[in-house]
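Just so it is clear, none of the values below were taken in a lab; they were calculated from the coordinates. Predicted model only: the values in this text are computed from it and were never measured. Positions of Cβ are backbone-derived with ideal geometry, glycine not excepted, and every protein chain shown enters the neighbour counts.
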C-alpha cells in the first residue's frame with residue numbers, strides 16, 4: 001500500500017469512528033453528542049489499539065466518567081476490541097469548540113447556546129449581563145438570575161418578555 | 001528528595017482544593033437563598049474536581065517511584081486518588097489552615113472564599129505561566145478559568161456585605177477578625193515550595209487585590225500582625241480532624257466500599 005493510500009484509509013476509518021461517537025451523548029445535556037461538545041480532541045491508532053483522547057469541560061464535571069465509559073461501550077458494540085480512553089487537560093476546553101450543529105440543537109432543546117468567548121469571561125465586577133437570547137420566544141430582553149446553574153456549565157437566566165426561566169450554557 | 005518534594009507540593013495543592021471544597025459542600029441545602037446555595041456548591045464541585053486532577057497526578061508520580069505508603073503503613077496495591085483523599089491521616093494533610101476554618105455564617109464563608117480565591121488566582125496564573133512541569137501547568141490553566149468565576153463572585157459578595165446593612169457589615173468585620181490571622185500562612189513557603197514558586201510576588205498581588213476590594217467594601221485593611229502557620233507541614237487546627245472524620249468515615253468503616 002502506498003503512503004497516500006494508507007493515509008486515506010486511516011482518515012476514512014477515523015471518520016467512521018467520529019460517526020459512531022455522534023451516538024455518544026452527554027448524560028446531563030442529552031441532545032449533545034461528545035462530538036458536538038468538542039471534547040473529543042483526537043482519535044489515534046497505536047498498532048491495533050484505538051485511542052480516543054478527550055478533555056473535560058469543567059474540572060469537576062461529574063459526567064466525564066460516564067462519558068468515558070459510554071465511549072468505550074459504544075465502540076465495543078461496534079466491534080472495536082482494544083480501546084483506550086485518555087483524558088488530557090491542555091489546551092483547556094472552551095465553549096468555542098462547540099459545533100454550530102451543537103449550538104442549534106441546544107437552542108431547540110431549550111438551553112441558550114454559549115455566546116462567543118471574547119464577549120465575557122473577564123474578572124470585572126458587577127458586569128452587565130450578557131445579551132442572551134431566550135430559547136423560547138427569541139427575545140434578547142432577558143436577565144441573569146445566577147451565574148451558577150443546575151450544572152457547572154450553565155447559568156440561570158429569565159426572559160423579561162415571556163417570563164420563562166431558562167438555562168444558558170455559559171461561555172468558558 | 002527533589003522528587004519527594006515535588007510530590008508533596010502536588011499533594012499540598014490537592015489538599016487545599018479538597019478541604020475547602022468539602023467545607024463549601026457543607027452548605028448544600030443550607031444556603032441563604034437557592035441561587036447562592038447552588039453557587040457555593042458549584043464552587044465546591046470545581047474545587048473537588050481540581051483536587052481530583054492533582055491527586056491523580058500525585059498518585060501517578062508516587063506509583064512511579066515506589067514511594068512509601070502515605071501513612072507509613074501498607075494500604076495495599078497502587079496509590080489512587082481515592083486512597084490519597086480517604087486514607088491519609090490528619091498530620092499528612094498539607095492544606096493551608098485557612099481552608100479548614102469553619103463556615104461560620106455566610107459572611108465568614110464569603111470572606112474565606114475571597115481570600116482563598118484571590119490567592120489561588122495568582123498562584124495558578126504563576127503555575128500556568130512558569131512552572132516547568134507540564135501537567136501542573138495544565139491543571140492550573142484549566143482551573144484558572146473556574147477560579148476567575150469564584151474570584152468575581154466572592155469579590156462582589158464582599159462588597160455587597162461590607163458596604164451593605166449595619167448587620168451585614170458587623171458580620172463581615174467579625175469574619176475579618178476571625179480569618180485574618182490565617183492569611184499569613186499562604187505566603188510562608190514550606191520546604192517543598194521554595195524552589196519553584198515566587199510567593200513574594202503572589203503576596204504583593206494578593207494584598208493589592210484585597211486592598212482594592214476592601215476599599216470598595218469600606219472595610220479596613222488590617223495591619224500586619226502575628227499569623228498562624230503549620231498547615232502546610234501537617235500541623236493543623238482542631239478543625240481538620242472533624243472534617244476528616246466526616247469525609248473519611250465510610251472508607252475507614254467499610255474499606256473499598258463503592259456507591
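Can you list, largest first and rounded to whole Å, the semi-axes you get for the range B:72-219 by taking the square root of 5 times each eigenvalue of its Cα gyration tensor?
Square roots of five times the eigenvalues give 30, 20, 14 Å.
Given 20 °C and 1.002 mPa s, how large is the Stokes-Einstein diffusion coefficient of the range B:210-259 in µm²/s, with Rh as the Kirkwood radius over Cα pairs?
144 µm²/s
Relative to the first principal axis of the alpha-carbon coordinates of chain A, what is the inclination of helix A:3-21, with its axis defined by its Cα atoms, in degrees from 0 to 90 and to the nearest 10?
Here the helix axis deviates by roughly 50 degrees.
Can you bin the range A:37-81 into rounded, prolate or oblate? Criterion: square roots of the alpha carbon gyration tensor eigenvalues sorted a ≥ b ≥ c, rounded for a/c under 1.5, prolate for a/b above b/c, oblate for the rest.
Oblate.
Treating the angle as unsigned and between 0 and 90°, give the value, to the nearest 10°, between the Cα long axis of helix B:238-253 and the longest Cα principal axis of chain B.
Approximately 40 degrees, to the nearest ten.
Dividing the Cα convex hull volume of the protein assembly as shown by residue count, how many Å³ per residue is that?
In the protein assembly as shown, the Cα hull volume divided by residue count equals 171 Å³.
Among A:74, A:94, A:57, which one shows the highest mean-square fluctuation when chain A is modelled as a Gaussian network with alpha-carbon springs under 10 Å?
A:74
With every atom except the alpha carbons ignored, what do you get for Rg and Dmax of the range B:1-68, in angstroms?
For the range B:1-68, the Cα-based Rg and Dmax read 15.2, 49 Å.
Going by a ≥ b ≥ c, the root eigenvalues of the Cα gyration tensor, does the range A:97-169 fall in the rounded group (a/c under 1.5), the prolate group (a/b larger than b/c) or the oblate group?
Taking the square roots of the gyration eigenvalues as a ≥ b ≥ c, the range A:97-169 is oblate.
As I understand it, the value is the acute angle between the Cα axis of helix A:100-109 and the longest principal axis of the Cα atoms of chain A; what does it come to in degrees, rounded to 10?
The angle comes out near 50 degrees.
Order by neighbour count: B:259, B:180, B:226, B:153, fewest other Cβ atoms within 10 Å first, most last.
Least crowded to most crowded, the residues run B:259, B:226, B:180, B:153.
What's the ranking of A:77-86, A:147-156 by average number of surrounding C-beta atoms within 10 Å, highest first?
So the peptides A:77-86, A:147-156, ranked by packing, come out A:147-156, A:77-86.
Wrap a convex hull around the Cα atoms of the range B:130-193, take a quarter of its surface area, and give that in square nanometres.
Taking the Cα atoms of the range B:130-193, their convex hull projects to 5.9 nm² on average.
Give the value in nm², to one decimal: projected area of the alpha carbon convex hull of chain A, averaged over all directions.
Convex hull of Cα atoms, orientation-averaged projection: 11.4 nm².
With both bridge residues required to lie in the protein assembly as shown, what share of the DSSP beta bridges run antiparallel, to the nearest 5%?
Percentage antiparallel, nearest 5: 70.
Find the relative contact order for the range B:2-253 and round it to a whole percent, using C-alpha pairs within less than 8 Å whose residues are 6+ positions apart.
With pairs under 8 Å counted, the relative contact order is 25 percent.
In a solvent-free Debye calculation with one equal scatterer on each Cα, what is log10 I(q)/I(0) for the range B:2-253 at q = 0.13, 0.15, 0.16 Å⁻¹, listed in the order of the q values?
Results for the range B:2-253 at q = 0.13, 0.15, 0.16 Å⁻¹ read -0.79, -1.07, -1.22.
Where q = 0.18, 0.20 Å⁻¹, what log10 of I(q)/I(0) comes from the Debye formula for the range A:3-93, counting one point per Cα?
The Cα Debye sum returns log10 ratios of -0.79, -0.96.
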